[in-house]
Each structure stands twice: as C-alpha cells, then as structure tokens.
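Single-structure report; data block below.
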Amino acid sequence: MITRIHSAALHGVDAKEVEVEVNASGSGKPNIFIVGLPDAAVRESSQRVASAITASGLFIADGVITVNLAPADLRKEGPSFDLPIALAMTAASLSRHFHEDDICVVGELGLDGAVRPVRGMLSIACEARERGRTRLLVPTANAVEAAAIEGVEVFPANNLREAWDFLSGEFEIQPHQHDREAFLKARENHQIDFSEVKGQHLVKRAMEVAAAGGHNLLMCGPPGTGKSMLAKRLATILPEPSEQEAIETTKIHSVAGILKGRTSLLAQRPFRSPHHTISDAGLLGGGTNPGPGEVSLAHHGVLFLDELPEFRRQTLEVMRQPLEDGEVTISRASGSLTFPSRFMLIAAMNPCPCGFHGDPKRNCSCTPRQIETYRQRISGPLLDRIDLHIEVPRVEFKELSGGSGESSAAIRERVHAARQRQRHRFGKDSMMTNATLSPRLMKAHCRAETVGLNLLEQAMHELQFSARAYDRILRVARTLADLADREVIASDDILEAIQYRSLDQKLMA
C-alpha cells in the first residue's frame, strides 16, 4: 500500500516541495528504510516516528516500510519530515489514502508524539502557496509565522494524534489568522530614539543622508564620542519596512533558527553588530550545510562593524562582493546557494590604536609606525565602497547638559520623502536607492550644475580620488539634492558630498 503526502525541504533561504511516499509491505518485524538523499537527522527520524506513532495510540504495520522523499536528487536536511512521514506511515499501515492534494505538512516529532517547531516555516509557506497548496499543517509554535503568507490556511497541530484525526476528518482545527494590525503597530514601536543623542549635529546630518540614499557610512573618532550610540539609532530613521521586505528578512532569520516563536514578521529593520573576532563563515555564511551569515541577517537593515580595523583584513575583504552585488554566493561540491544581503554598512573606528590621535585634550601614546599600520588594515578598495566618511569629535559639556535633540520620527519623515522621490524617479526599479545606481542610471539622473562639476574635477585632481570615489560622490550628491527637493544637483550638494570623503587621504596617508 503506497501513501503520499506533500512536504517541503529548505534550500538556502527558499524551500522546495518534497513528496513523502510510504510503501508498507510484507510481514515480520517492522523495518523502516528512508531513501531520497536524506541527511543524518532525516535518517534518524525512523526511530522518532516509530516511538511517536506507538505513544499516540496509532498503528504501524509489521514488515518492510520504505519511505521515499522525492525528488531523489534534492538533499533533505533536518527533522521537519517527521510529521508527514508518521502520517503517511500510519495511513499506509491502515491501507488508507489521503485524497487531500491541497495540503502541505511539516513538523518535528518528540518520542511522545508532541509536534515541535522547525526552521524556515515562512519559506515553506511561500513554496506551498506557489505550488497551489491552500492548506498548511504545522506545529503550533510555527503557526504565527506561517500565517503571515496570504492565500494559505494554517492549521496548528499540538501532537501527532491531533494531526491524524484532523486529516481523517474526525477532529476540527481552526485556522490561525495573521494579525496585520499588530504588525503595522509594531513597526513604529522603537525602543531608542535619536533625541537621546546629545550634540554631534554634523554626524546626525551624515546619518540622515546615509539613510535617505541607502549609503554606507564610516565614523572615525576617539572612544566615548557616541559612535555606537549613533549607529544603533540609524535603523529608527530608515523608512518603515514594507510587508514584502519584512517577509524577505523574516525568511532569512527563520532559516537561521533565530526567529522568536511568537513573531509573525520582523516589523522593524534588523540591526546586526558582530564582534570583530567573527570568522569569514560567520560573516558571509557557510558551514557544512551552508546557512546565512551576518551580512544576510542584516538584509534590508543595518550591519554595524565596531572597531573596524580590529577585524581580520581577510574577513573585511570578503565583504566586497555583498557590498557591490547585494547577495552572497556560497559554493560547495554539492552545489551553490545564494543568500540576499542588501544592507547598509555602518562602521566605526578610532583614529589610532590608543584612540586619541588628534584629540585636543588627550595625548596620543602611539608611534607614527603604529598609527600607519593600524590605518592600513582597511584597504583602499573597501574604503571606496563606503560612501560617507565622517569624523566624530568629542562632545562638549555644554552640549551634554543641553536639551534633547531632534526625534527619530522627524528625521524619518525627511528620509521617507527623499526615498519617495527616488521611487518616483526609478519607476519599476522602486526598490533601488541612490547608493545602488548603475552607471547608465547615473548618467540619466545625476545631472549637475556646471559649477559643481568643475569643483568635482578640481577635487579629483588635487585629492587624487579613485574612479569609484567619483561615482560615490555623485550618488551622495544626488541624495543631498533629493533631501532638498532639487531635480538638478547643485554645487552645494557636490561640495558637501566631497566633504564626506575627507577620510580618504587621512586614513590612507
């Protein structure tokens, strides 16, 4: 007797449909074989499933039971096939057919039959909808996440017996509903605010420009000047994520297994701040079964690298591809996986190892050689990919004792207006920002006054900027013009954009 149930396997940040086929035949002692390129966790499911079926008071036939996970050339990983295997084995043992072709089933089983949550539920729900499956039977802990996908009814199951009775029509489970109002409300509920940052008006201006155009930013200043505090608040002035952006980000966090069980969608843009001892695989992604790294977990959000020169140079250099392309490709002998990684890079560093080079109130204890070695840990090509460089000075007492600064909401309103102008300008490429303009689009949309272009030519000659720095200056100037609601880039926009490249010479000298 052969029984079939639809399930899904994770493949990168997406999922692919898998058909679970079970054939129960013969007699004698039960012997379970799982085929279809399973990993160790899937092969071990035979023991979990057998115990769960017995503990749930269901029947398992004697003899040989063959479980095939099709397609056979797709590697199957993790325990998410436990529940569909158990249901198909029970049905095959009882010579029963499931005629519901519109349902997809996933879930891990405990030895007592309890259904446990699995990773990547949002990706599985998206794949089920693409395949025309209108119902999804999932662990109760995953129901909130799966219900965020429209067009699929999500039925939460607490245990194997409950799932069996539901498919048999003997028990009714109410579908879980997505709370869209809660998602929209959570987008505005930031715990921190720019008004808490005293002083640093020039740095706040640079961060507003970065947020408006999606530009990368490097802050350089002595310890205690508020670099980390500013970086953590950047996400609060970015435009609120759309539902599509929230789905893309949540899929990555779900696949990585770091999504909280009661969260449907990540309502706020992610902020990731890895330690400088992180490995290449931790930053970009990888491992035996490749998973997303920090650059992908920061997709549609902010990646903050504090103490930038303390990161290994090789680790920083591998970031050049995601910074340029917005995605990471990880190749293994079994194939390649691509993870999205379109993020804003915010980096912070001290001007020297002790942190006080150029400080008017503290003496620097570093030798010129130490300072040069420290600064050269950041390569020119990486620095070129950071659009804005800003020095963060020490905050004076008068500013510290003053009133509150401008709120995140007020800044976000201007950023949102600038982003709206970009969406209108780029039309079908509405997800594009000024920071990702191609040379063709720059030629079409970065029209500047003749005086401004002459100033840029002079700066290129005297400051020896690279060709990539030239492009960055024009893109930043385009953002400055958008913030001022100008269609043509003014000379003031060019001058301010050049000012944000001031660290090129200081760091590379």
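The values are calculated or read from the model by the stated rules, or taken from the named source; none is laboratory data. Small disclaimer: the values here were computed from a predicted structure and weren't measured. Cβ sites come from the backbone with ideal geometry, for glycine too, and all protein chains shown count toward neighbours. All accessible areas refer to the heavy atoms of the entire protein, side chains included, with ligands and DNA or RNA removed. Shrake-Rupley method; radii C 1.70, N 1.55, O 1.52, S 1.80 Å.
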Could you tell me which of the residues T329, T338, T373 is under 25 Å from S502 (Cα atoms) and among the hydroxyl-bearing types (S, T, Y)?
T373
Selection status of V115, of a type outside the set (G, A, S), closer than 26 Å to L297 by Cα and surrounded by 24 or more Cβ atoms within 10 Å (Cβ to Cβ):
no
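From the list V476, V488, exactly one residue is touching a Leu at 6+ places or on another chain (Cβ under 9 Å), at pLDDT 85 or above and β-branched (V, I, T). Which is it?
Details: V488 fails: touching a Leu at 6+ places or on another chain (Cβ under 9 Å).
Of V476, V488, the one residue that is touching a Leu at 6+ places or on another chain (Cβ under 9 Å), at pLDDT 85 or above and β-branched (V, I, T) is V476.
Return the residues of the stretch 129-162 that are among the small types (G, A, S) and modelled with pLDDT under 95; say none if nothing qualifies.
Filtering the stretch 129-162 down to residues among the small types (G, A, S) leaves 132, 141, 143, 146-148, 151, 157.
Within the stretch 129-162, G132, A141, A143, A146, A147, A148, G151 qualify.
One line per residue, one yes/no per condition, for (1) within 27 Å of P270 (Cβ to Cβ); (2) open to solvent by 10 Å² or more (accessible area, probe 1.4 Å):
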residue	(1), (2)
R312	yes, yes
S341	yes, no
I346	yes, no
G355	no, no
G380	no, yes
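Test E162 against the criterion of being under 29 Å from S242 (Cβ atoms), out of contact with any helix residue (DSSP H, G or I) (no Cβ under 9 Å at 6 or more places or on another chain) and of a type in the set (D, E), and give yes or no.
Spelling it out, it is not the case that E162 is under 29 Å from S242 (Cβ atoms), out of contact with any helix residue (DSSP H, G or I) (no Cβ under 9 Å at 6 or more places or on another chain) and of a type in the set (D, E).
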Exactly one condition in (1) buried (at least 18 other Cβ atoms within 10 Å of the Cβ); (2) in a loop (DSSP other than H, G, I, E, B) is false for E188; which is it?
(1)
Looking at the stretch 466-477, is at least one residue without any contact (Cβ under 8 Å) to a residue 60 or more places away in the chain and touching a strand residue (DSSP E or B) at 6+ places or on another chain (Cβ under 6 Å)?
yes
Could you check, for the stretch 444-456, whether at least one of its residues is within 32 Å of the chain's Cα centre (by Cα) and open to solvent by 20 Å² or more (accessible area, probe 1.4 Å)?
yes
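Quick grid of which residues meet (1) modelled with pLDDT of 90 or more; (2) in a helix (DSSP H, G or I):
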residue: V395; (1), (2): no, no
residue: K398; (1), (2): no, yes
residue: G402; (1), (2): no, no
residue: G405; (1), (2): no, no
residue: R414; (1), (2): yes, yes
residue: A444; (1), (2): no, yes
residue: G452; (1), (2): no, yes
I'd like to know if the stretch 128-150 contains one or more residues that are more than 26 Å from the chain's Cα centre (by Cα), among the polar types (S, T, N, Q) and open to solvent by less than 10 Å² (accessible area, probe 1.4 Å).
no
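For every residue, the table says whether it meets (1) within 30 Å of T338 (Cα to Cα); (2) in a loop (DSSP other than H, G, I, E, B); (3) open to solvent by 40 Å² or more (accessible area, probe 1.4 Å).
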residue: A206; (1), (2), (3): no, no, no
residue: A210; (1), (2), (3): yes, no, no
residue: A231; (1), (2), (3): yes, no, no
residue: A235; (1), (2), (3): yes, no, no
residue: P239; (1), (2), (3): yes, yes, no
residue: A246; (1), (2), (3): yes, no, no
residue: K251; (1), (2), (3): yes, no, no
Of the criteria (1) in a loop (DSSP other than H, G, I, E, B); (2) of a type in the set (F, W, Y); (3) under 20 Å from E19 (Cβ atoms), which one W164 fails:
(1)
Scan of the stretch 457-487 for residues that are assigned to a loop (DSSP other than H, G, I, E, B), open to solvent by less than 80 Å² (accessible area, probe 1.4 Å) and within 23 Å of H416 (Cβ to Cβ), ordered by number:
A484
Sort out for me the helices (runs of 4 or more DSSP H) sitting completely within the stretch 1-108 that have 1 or more residues that are at pLDDT 90 or above, at negative phi and open to solvent by 30 Å² or more (accessible area, probe 1.4 Å).
40-43, 45-55
